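Shown next, in structure tokens, is the structure this report addresses.
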Amino acid sequence: MSCRLSFREKRCYGFGSLQARGDLPLRTSTKTKTRLKHTVPLARKIARSLQPLHPNIDSDAADRQRVRVQSLGRAFAILEEVARHRDGIGLAELSKLVGLHNSTAFHLAKTMVSLGYIRQERDSKRYRIGLPLFALAASALDEIEMVNIATPVLEELSRETGESGHFAVRMGDAVVVIARTSGPGAFQLTDRVGVVRPAHCTALGKVILAALRDDQFRRFLERAELKPSTKRSITQVPALLREIAEVRRTGVAFDEGEFNLEVRCIAVPARDFTGQIVGAIGISGPIWRESQQALQAKTRAVQAAGARLSAAFGTKGVR
């Protein structure tokens, strides 16, 4: 059974002109059907247009941020491993060390190669650090920054050993002290920052000489005058060769009154993020307080300070 409602009755029951209640079946006129055909799709379009374009915009942004951070972390992990392997590293070993699939590591490395931060050798396909990274490191680790980084390390070393601490870098065939601290003990050395010392007769200088390549050291010996500062200074090439060979073997240099008869010194290398020696850190004290045995006993403290300073400069391990 069906019934036909008037327009007024439809309005009374709340039907409007679009549809009727399900419990009151209607016979819809042809005109009404035509109106419904065009009105319902339009209503649906309007409803869709009123929905937010990004219902989870905060969640999406957070996901994108996490992806970017993850990619940056992976890229820097690759960069650090490449920098740590001075002879280069292959893709398989690199992927294993950073914990990434070969294809993921390859695409990240390829991007950094295109930017110049790492390079790939043509024959071996091994990855190595690129020149732009050296330029960035050089601009960041200038002498002022070195002083800022070295000073707290020297202060701790002076408190621990009771002696003056020094950090020096190469300046031609000599070394220049760019940071120093005084220990708590009496009779501290009064060398000022900026003082230049000969390399062949100081502990700091011997560390710098030991860092030179063989060809660089040979040219140093050809042009340098091994002038004596005291009667204990090394002035003969064979003796200096033996001394530098020992410093290279042990990683520790001593000065037994060679620059100042009243002073003994000990020094070790400080390295940068590539493992290259960029300076020397050490302590100096009067000979009546720092006997050979006493100075030897403080070797470990100086080596620990050298490791801390190298870590602050970016190295991942001191050899």
Computed ³J(HN,Hα) along the stretch 301-308: with the Karplus parameters 6.51/-1.76/1.60, θ = phi - 60°, integer Hz and x for glycine or proline, the list is 5, 5, 5, 5, 5, x, 5, 5
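Based on Cβ point charges of +1 for Lys and Arg and -1 for Asp and Glu, what charge dipole magnitude is obtained for the stretch 141-313 about its Cα centre, in debye rounded to the nearest 20? Display every interim value, and only then the final one.
Numbers: 22 positive and 21 negative charges, 72 e Å.
Using Cβ point charges on Lys, Arg, Asp and Glu, the stretch 141-313 gives about 340 debye.
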Using modelled amide H (1.01 Å from N, peptide plane; none on Pro or chain starts), what sits under 5 Å from the amide H of Ser164, excluding residues fewer than 5 places away? Gly183, Leu189, Ser284
How large is ³J(HN,Hα) for each residue in the stretch 266-281, as worked out from phi by the Karplus curve 6.51 cos²θ - 1.76 cosθ + 1.60 (θ = phi - 60°), to whole Hz, x for Gly and Pro? 9, 8, 9, x, 10, 10, 9, 5, 8, x, 6, 6, 10, x, 9, 10
Of the listed peptides 270-276, 231-237, what is their order by residue-averaged count of other C-beta atoms within 10 Å, with the highest listed first? 270-276, 231-237
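Pulled fully out, how much extra length does the chain show between Lys96 and Glu262, if you take 0.36 nm times their separation in residues and subtract their Cα-Cα distance?
54.3 nm
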Can you give me the pair-distance distribution of the stretch 211-284, C-alpha pairs, 10 Å bins, whole percents? 17, 46, 34, 4
Residue-by-residue Karplus 3J(HN,Hα) for the stretch 228-244, coefficients 6.51, -1.76, 1.60, Hz, glycine and proline x: x, 9, 9, 5, 9, 5, 7, 10, 10, 4, x, 5, 5, 4, 5, 5, 5
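Report, in listed order, any pair from Lys227/Lys298; Lys110/Lys316; Lys231/Lys316 with a Cα-Cα distance greater than 32 Å. Write down the numbers at each step before the final one.
Working: Lys227/Lys298 29 Å; Lys110/Lys316 24 Å; Lys231/Lys316 41 Å.
Over 32 Å Cα-Cα: Lys231/Lys316.
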Trypsin sites (Lys or Arg not before Pro) within the stretch 90-125: DSSP coil, no more than 11 neighbouring Cβ in 10 Å: Arg122, Lys125
Can you sort Leu97, Leu261 so the residue with the fewest Cβ neighbours within 10 Å comes first? Leu261, Leu97
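Multiplying the sequence separation of Thr151 and His107 by 0.36 nm and subtracting their Cα-Cα distance, what value in nm do you get?
Roughly 11.7 nm would be gained on extension.
Computed from the coordinates by the stated procedures, all read-outs in this text should not be read as laboratory data. None of the values given here were measured: they were computed from a predicted structure. Glycine also receives a Cβ, built like all others from the backbone with ideal geometry; neighbour counts cover every protein chain displayed.
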